[in-house]
Amino acid sequence: MRLACYTWLLLGIVPVFALGQPVLSKDDQIRDCISAFSRALSQGGASGGGISPKKRAELVDEMMERLQPDSLTAEQLLRLTASGVVREYSKRRDVVARLEKMVEARDAHGAAAAFSLASLKPESGAPGPDGVANMEGALAHPGAAKLSPTVAVGDAMNVLTGYLMNHENAAGLLLPELTAFFNLDLSLAITPHLNIFLDTVDRAKLTPSQLDPLRAAVQGAIKRCRLKLDDKESLIDAAVAIGNSRAQIKGMDTQEFRPHLAAQLDTAERKLRGSFGGRVVDQPAPTLDLKWVQAPLEATDAAQLKGRVRVFVKWWRFGPDANSGTPFIMQLSERYAGKPVDVIAVSEFLEGPLFMGGKQIDPGGTREQQVDAIIATAQKYGIAGPIAVVDEKRFGAAFGIQRANSAVVIDASGVVRATKLDGGQPEATFRVIDGLLSAPEPTLKP
């Protein structure tokens, strides 16, 4: 199912605290509107429960009329567009007509209007550059450099990511514009969107050489964002970008947000150096710190594991079903028993409770508690081989593996030979391993 936009709800990000009761500013009214829309969106499932699409549309109309769209700035309209509210507004054409006038301004307001229009106006459908003209215009808008250091650039990133999700070939057509955009002095507000942006571009399956200019530009943007981690106003902007009230944030210790933002930048940087664009294949295995909790191997760094074929399987440690990786691990272990192959189950330390479908499915807990739970699950389902635990999301950043029941194969010389192998189709993994066992080690690509 394709997405019209990438909302805060889908990012899994919620405000740090609830609103109080004083008179709300226009920005806070917009924030309340978006929160109500997100709740309505989550309640209108296919099962028929919760709010119906018709009721949701009525809610949107009521909220938008209360906000008085003709009085909103381009940045405020961008925020409502990025969250998906404007798309369901019955008078959307009126908003588009107003944005088409705003976009003529060569300042930050004009750039904000351009990103809204890229989301709201249909493209030509042509396979070539004409098919991405709206987003191309937004990225190359004369006011983009003035929009880039503001909090609104977070909403622009939100729109950009949703656009690329819905236009599979767009990333390849927009590479020059994307590269130029990331060479701007972007606000720390882009940080919550960076990793999903990289994952989305990665799905376009462009070559490493095609992506190298963009990779360098995003690395530069991350470096500049790191400098902003010590700036109070930049931290406030980042907190506001994910739906918090600026007035309330100013009353908090903004350093509380710093570790979370730094971790997001770390994850993005590891992706760029590792799995982004398929670059990891036929290259030495990236550094990844491994905490062995069962049947430890000789090194605690994935880059140092050599001498045997190593198969890392991302393991969903909470059950035996096919998608957990447990059956795949058992298949591999049985097939390659007695051969120079190590099948390694990889789990992750959770930073907090894990929820799915609105229910908590794992409490997280201390690292010691998580290790105990991992060992107990392995014993219960008969996994006797090596088990390693890594910090949350680091395995995915290193090897491009996001889903459990997926594998990475590293040869005896420490070179990655395949990644994103699906445990649901184990024959593909078997072919890679069998080829390594029966043939001389290939040389690295230049």
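Read-outs: derived from the displayed coordinates by stated rules, not from any lab. Bear in mind the structure is a predicted one, so any value in this text is a computation, not a measurement. Ideal geometry is used to build each Cβ from the backbone, glycine not excepted, and the neighbour counts take in all protein chains shown.
Couple of notes before you dig in:
- Most mobile of Leu117, Leu41, Leu164 in a GNM of the chain (Cα contacts under 10 Å): Leu41
- Whole-angstrom gap from segment 135-153 to segment 340-392, using each part's C-alpha centre: 42
- Neighbourhood net charge (13 Å Cβ-Cβ; Lys/Arg +1, Asp/Glu -1) for Tyr381: +1
- For segment 345-406, diffusion coefficient by Stokes-Einstein and Kirkwood Rh (Cα), 20 °C, 1.002 mPa s, µm²/s: 169
- The order of the peptides 142-148, 203-209, 303-309 by mean Cβ neighbours within 10 Å, most packed first, is 142-148, 303-309, 203-209.
- Summing charges over all other residues whose Cβ lies under 15 Å from the Cβ of Ala108, with Lys and Arg as +1 and Asp and Glu as -1, gives -3.
- Taking the chain and dividing mean pair separation by its residue count, relative contact order in percent (alpha carbons under 8 Å, at least six apart): 12
- Fluctuation leader among Phe349, Phe395, Phe115 - the chain, Gaussian network, Cα springs under 10 angstrom: Phe349
- For the chain, built as a Gaussian network whose Cα springs stay under 10 Å, the top-fluctuating residue of Leu227, Leu99, Leu214: Leu227
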